[in-house]
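S.K.: Before I ask anything, let me first share the structure, which is written out below as structure tokens.
The values are calculated or read from the model by the stated rules, or taken from the named source; none is laboratory data. Please read these numbers as outputs of a predicted model, since none were measured by experiment. So basically every Cβ, Gly included, is an ideal-geometry build from the backbone, and we count neighbours across all protein chains shown. Ligands, DNA and RNA are stripped out before the accessible areas are found, and what is left, the full protein with its side chains, is counted by its heavy atoms. Shrake-Rupley method; radii C 1.70, N 1.55, O 1.52, S 1.80 Å.
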Amino acid sequence: MESKILRVGMADAKVTKSPGILTTIGLGSCVGIVLYDPIAKVAGLVHIMLPYSNKISDNSNKLKFADTGIEILIEEMLKEGANPKRLISKLAGGAQMFSSKINSDIMNIGERNVIATKEVLKKLGIPIVAEDTGGNYGRTIEFYSEDGRLLVKTIGHGVKYI
Amino acid sequence: MRNVDINRLNEIYLDVLKELGNIGAGNAITALSTMIGKKVDMKVPTVKILELVEVPDIFGSPDTVIVGIYFGLDGDVKGNILFTLDLDSASSLIWNLMGIEAKEEFDELEKSALEEIGNIMAGSYVASLSTLTSLNMKISPPALSIDMAGAILSVPAIQYGEISDKILFIETQFVEGERLIRGDFFLIPDINSFDLILKALGVEVNGEQNS
């Protein structure tokens, strides 16, 4: 059977079941968060841009933020038959694309996104089983809901499964 | 302070921003032309407003490799400038400037030449806007990244993401006759700086009246 590939854009999320594949292309300072129920083989991917929704005045798109993005993703996954107690997570992204000669607050947004993501997952009791975050380069990721592999592709920094 | 709502920018704002892009880019391209000793043609700038979801697709596929040269903008007007080139255009610029045929993996010297080209162009861009508006603007030193378009564009997108679900940018393309050079300038003022720029240019801001 042909596996269906679902593309997740910036501030966007998708949910699939085995053998579906979830991908997000060109992650920079944003973080791609994969949640997975390995028994039901239900997977979700959210591409967040900012740490917390309550720090921003205009938060009409809740998928922009780590906290609300993860919350919504879980809700969507439960509708597809995932069990919240079985969820595990994999993370990628959170790079600093340009060197820190410039304004630090904007430049370390990648790191702040990763920290916030981990805080939110910890609060929800969802273990992080693999991550490829930080650095100064972009990443394209593909998650295989059939077996839980996450492919991370880069320009000049290798290709790997985590 | 009254803020401009990006969702309600009307045609006048867009015309003003387009004109700013035109003047700024015109000066930047004159500087480039002087630098390489050749005539460079500029296309009419376009002001684009995109949903965040669409941003990574500006260069076609988000995994297209591009050169991005990034500057922080400070002073009265805050924000940032991103100057982007496709790889062929970056090679052409290096050829024009240094007379060497660059491979796609640029070495340190070539990267620093690209940074310097960006620096001179962005410097002229901002200087002309500063003169026009009488507002103080200065750019930070350049920072270069050669990577996936989506990853590079995530930086300005995040900055816009803090205030809106949309991103606004001014795109300017230019062409140098013998070898094609296509570059884009993204002037991304902070949302609070829009008001200031428009006022400095004598444009009435007809948003909400609660100041």
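S.K.: Got a sec? Which of A:I33, A:I39 is surrounded by fewer than 21 Cβ atoms within 10 Å (Cβ to Cβ), at negative phi and either modelled with pLDDT of 95 or more or part of a strand (DSSP E or B) (or both)?
M.R.: A:I39
S.K.: OK, next. Residues that are touching a helix residue (DSSP H, G or I) at 6+ places or on another chain (Cβ under 9 Å) and within 14 Å of chain A (Cβ to nearest Cβ): which helices (runs of 4 or more DSSP H) entirely in region B:65-171 hold 2 or more of them?
M.R.: Counting at least 2 such residues, we get B:108-133, B:149-161.
S.K.: Could you check B:G161 against (1) buried (at least 20 other Cβ atoms within 10 Å of the Cβ); (2) closer than 30 Å to B:G99 by Cβ; (3) not charged (D, E, K, R) and say which number it fails?
M.R.: It is condition (2) that B:G161 fails.
S.K.: Name every residue in region B:91-108 that is under 15 Å from B:E176 (Cα atoms) and open to solvent by 70 Å² or more (accessible area, probe 1.4 Å), in order of residue number.
M.R.: Result: B:W95, single match.
S.K.: Taking the residues in region B:40-64 that are surrounded by fewer than 16 Cβ atoms within 10 Å (Cβ to Cβ) and in a loop (DSSP other than H, G, I, E, B) as candidates, determine which candidate is farthest from the other protein chains (Cβ to nearest Cβ).
M.R.: Out of the qualifying residues, it is B:V44.
S.K.: If you don't mind, another one. Would you mind finding the one in A:I106, A:I21 that is modelled with pLDDT of 95 or more and either surrounded by 21 or more Cβ atoms within 10 Å (Cβ to Cβ) or more than 17 Å from B:P56 (Cα to Cα) (or both)?
M.R.: Result: A:I21 is the single residue among A:I106, A:I21 that is modelled with pLDDT of 95 or more and either surrounded by 21 or more Cβ atoms within 10 Å (Cβ to Cβ) or more than 17 Å from B:P56 (Cα to Cα) (or both).
Rundown of residues vs (1) surrounded by fewer than 23 Cβ atoms within 10 Å (Cβ to Cβ); (2) modelled with pLDDT of 95 or more; (3) assigned to a helix (DSSP H, G or I), yes/no style:
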site: A:S3; (1), (2), (3): yes, no, no
site: A:M10; (1), (2), (3): no, no, no
site: A:V15; (1), (2), (3): no, yes, no
site: A:G44; (1), (2), (3): no, yes, no
site: A:D58; (1), (2), (3): yes, no, no
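S.K.: How many of the residues making up region B:94-122 are more than 17 Å from B:M42 (Cβ to Cβ) and not charged (D, E, K, R)?
M.R.: 13
S.K.: Restricting attention to region A:142-157, which residues are away from chain B (no Cβ under 11 Å) and part of a strand (DSSP E or B)?
M.R.: Answer for region A:142-157, where residues must be away from chain B (no Cβ under 11 Å) and part of a strand (DSSP E or B): A:E142, A:F143, A:Y144, A:R149, A:L150, A:L151, A:V152.
S.K.: Let me ask something else. In region A:113-130, is there at least one residue being facing chain B (nearest Cβ under 10 Å) and either within 13 Å of A:L35 (Cα to Cα) or within 16 Å of the chain's Cα centre (by Cα) (or both)?
M.R.: Yes: region A:113-130 contains one or more residues that are facing chain B (nearest Cβ under 10 Å) and either within 13 Å of A:L35 (Cα to Cα) or within 16 Å of the chain's Cα centre (by Cα) (or both).
S.K.: Out of all the residues in region A:64-90, which are within 14 Å of chain B (Cβ to nearest Cβ) and crowded, with 23+ Cβ neighbours inside 10 Å?
M.R.: Matches in region A:64-90: A:K64, A:F65, A:A66, A:G69.
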